[in-house]
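Okay, so here's the structure we're looking at.
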Amino acid sequence: MDLELVKRVGIAAAYKGQRVLLSHYRRGKFNVDKKGAIDLVTEADTESEKTIIGTLKKAFPDHTVLAEESGLNKGKSDHKWIVDPLDGTTNFAHRLGLFAISIAFALSGDTVVAIVLSPVTGELFTAVKGKGAQLNGRPINVSNAQTVSESLLVTGFPYNLIDEFNPLMTRFSNCLKASRGVRRLGSAAMDLCFVACGRFAGFWEQNLKPWDTAAGELIAREAGATVTDFSNNPFNIDKNEILATNGNVHEEMLLLLALKDIA
């Protein structure tokens, strides 16, 4: 499989999705529906997804596509695109420009190409397995922070946060006490890319879906990140938990996430 061709098609699809999202975002007029109490979807999500899938299917009509809004479009089971047409819908709906398009490509279940595009800033993060990660074509690497105390961290909260409020707050409190600060941006794809380029030394979240993490996780790993679950087991996109760090602070972060109050 020509992965450079796959990457080029994925980038083209992302830019087409960007045009859809920005046309809605700049007008500021779009319908907002609820998939859950705080889980939103807009017409921009669905239009962007349709445009992205159309581009991918035109180039690779026999490939499988798994997308957030439309689900699974079956094709070759060992050639799969994983698409989030708008990661950060709540931000988008409130006219906050922290959202992204996330596109990953997997061969036999192994993510090998990743594209994350921030439509508002124009930052394009990409990776091909074994070839490093780039931001707008330039190589990126994780931060060199040695301890959590010299680190800025980022996290996210699941849509069912009320059901898991106490463990969420314990982890948040532990990390807030130990670090220079914790941010909550609202887009897991961007969080992972910001670990990849050294803006954050660590990111953790739970109850994410494959389209939230597939692209960002590869970009982070190719930039030098260590990515596991909260118990230090190898991460895959079907896992319920993700911890991505610069590697240096990983063991310390595991302790902070272990649901023990830190004095």
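The values are calculated or read from the model by the stated rules, or taken from the named source; none is laboratory data. Nothing here was measured: the structure is a model prediction, and the numbers come from that model. We place every Cβ from the backbone using ideal geometry, glycine too, and count neighbours over all the protein chains shown. The accessibility values were calculated without ligands, DNA or RNA, using every heavy atom of the protein model including side chains. Shrake-Rupley method; radii C 1.70, N 1.55, O 1.52, S 1.80 Å.
Quick one: of K50/K131; K7/K239; K7/K131; K129/K239; K76/K209, which pairs are farther than 23 Å apart, Cα to Cα?
Flagged as over cut-off: K50/K131; K7/K239.
Full-extension gain between S108 and T121, please, as 0.36 nm times their residue separation minus the C-alpha to C-alpha distance.
1.4 nm
Restricting to Cα pairs below 8 Å that are 6+ residues apart, what does the relative contact order work out to for the chain? Please round to a whole percent.
Dividing the mean separation by the residue count of the chain yields 16 percent.
Tally up the carbon and sulfur contribution to the accessible surface of the chain as a whole percent, 1.4 Å probe, everything protein left in place.
Result for the chain: 50 percent of the exposed heavy-atom area is carbon or sulfur.
If the cut-off is a Cα-Cα distance under 14 Å, which aspartates and glutamates reach K57, setting aside same-chain residues fewer than 8 apart in sequence?
Excluding near neighbours in sequence, the set is E49.
For the pair R199 and R184, how long in nm is the line joining their label points, each one 7 Å along Cα→Cβ?
1.8 nm
Let me have the 222 nm mean residue ellipticity of the chain computed from DSSP H runs of 4+ only, each contributing -39500 (n - 2.57), with the sum over all residues rounded to the nearest 500.
Numbers: 7 runs with 90 residues, N = 263.
About -11000 deg cm²/dmol.
With +1 on each Lys and Arg Cβ and -1 on each Asp and Glu Cβ, how big is the dipole of the chain about its Cα centre, in debye rounded to the nearest 20?
Values: 29 positive and 30 negative charges, 169 e Å.
That gives the chain a dipole magnitude of about 820 debye.
When DSSP beta bridges are limited to those with both residues in the chain, what percentage is antiparallel, rounded to the nearest 5?
80 percent
Can you pull a Stokes-Einstein diffusion coefficient for segment 107-263 at 37 °C (0.692 mPa s), Rh from Kirkwood over Cα pairs, as a whole number of µm²/s?
Working: Rh = 15.4 Å.
So the translational diffusion coefficient is about 214 µm²/s.
What's the FRET efficiency of R8 with Q146 using the Cβ-Cβ distance as r and R₀ = 35 Å, to the nearest 0.05?
Result of the calculation: an efficiency of 0.40.
Take the alpha carbon atoms of segment 220-257, find their center, do the same for segment 70-91, and report the distance between the two centers in whole angstrom.
23 Å
What accessible area per residue comes out for the chain, rounded to a whole number of Å², with a 1.4 Å probe?
44 Å²
Expressed as a whole number of Å, what is the distance separating the alpha-carbon centroids of segment 100-135 and segment 150-180?
Centre-to-centre (Cα) distance: 26 Å.
What nm distance separates the two modelled labels at E164 and A59, each placed 7 Å from Cα along Cα→Cβ?
In this crude spin-label approximation the distance works out to 3.4 nm.
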